[in-house]
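What follows is calculated from the coordinates using simple rules that are stated; it is not laboratory data. In this text, all values refer to a predicted model and were calculated from it rather than measured experimentally. Note that each Cβ is placed from the backbone with ideal geometry, even for glycine, and that neighbours are counted across all protein chains shown.
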Amino acid sequence: MFDVGFTEILMIGVVALVVIGPERLPAVAKTAGQWVGKLQRFVRGVKTDLASELQSGDLKKLIGDQREQINELKNMVSSAKKDFETNSRDFVQGAKKSLGELESSLKESDDAASGQEKTSAASATSVTALPPSTDGGHDIPPMRTDSSDSIDDSADRNRTGTESGS
């Protein structure tokens with residue numbers, strides 16, 4: 001409370017001894033001690049009254065109101081937590097469902113593509129390969145085996161002149 005050190009108290013004692021005198025100093029010190037004790041008891045009483053007042057009445061009501069607000073906040077947080085968990089669970093389930101649908105459609109398209117590859121591979125194996133050309137890089141047209149052979153033969157004979165009238 002007051003910042004009074006040993007040297008200040010010694011100075012006050014010396015001044016009191018000079019002013020009051022050595023004969024009356026013990027009685028004044030006793031009276032001052034009684035007043036200090038009464039002052040300390042008064043301060044202690046005020047502190048206990050304040051403490052008891054804090055424990056009762058308006059402060060209890062204020063503390064109760066704060067507890068209610070805290071409970072409301074806890075309820076809000078727990079309901080928000082439940083909502084978040086529900087929404088995230090629904091989102092994850094929807095994502096898994098979409099992923100499953102994508103995988104099945106991808107598998108179906110792969111199956112369809114492999115079916116087309118099988119049919120194109122089968123048609124590729126039915127085409128016969130032509131023999132390599134022997135006339136210096138010019139391709140020889142394949143021989144036809146249908147009814148147009150007789151027409152082609154007559155045209156070839158006309159070009160060479162072997163069967164024509166010349």
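With a sphere of radius 14 Å drawn around the Cβ of T31, what net charge do the other residues whose Cβ falls strictly inside it have (Lys, Arg +1; Asp, Glu -1)?
Cβ neighbours under 14 Å give a net charge of +3.
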First check a/c for segment 1-70, with a ≥ b ≥ c the square roots of the eigenvalues of its C-alpha gyration tensor; if it is under 1.5, answer rounded, and if not, answer prolate when a/b is larger than b/c or oblate otherwise. prolate
Around E68, what is the net charge, scoring Lys/Arg as +1 and Asp/Glu as -1 over all other residues with Cβ under 14 Å from its Cβ? +2
Given a Förster distance of 30 angstrom, what is the FRET efficiency for E103 paired with D83, based on the Cβ-Cβ distance and rounded to 0.05? 0.50
R41 to T7: extension gain in nm, 0.36 nm per residue of separation minus the Cα-Cα distance? 9.5 nm
Which lysines have a Cα lying under 26 Å from the Cα of K96, excluding residues fewer than 8 positions away in the same chain? K81, K82, K107
Estimated vicinal HN-Hα couplings, Hz - segment 58-64 in sequence order (Karplus 6.51, -1.76, 1.60; Gly, Pro = x): 4, 5, 4, 5, 4, 5, x
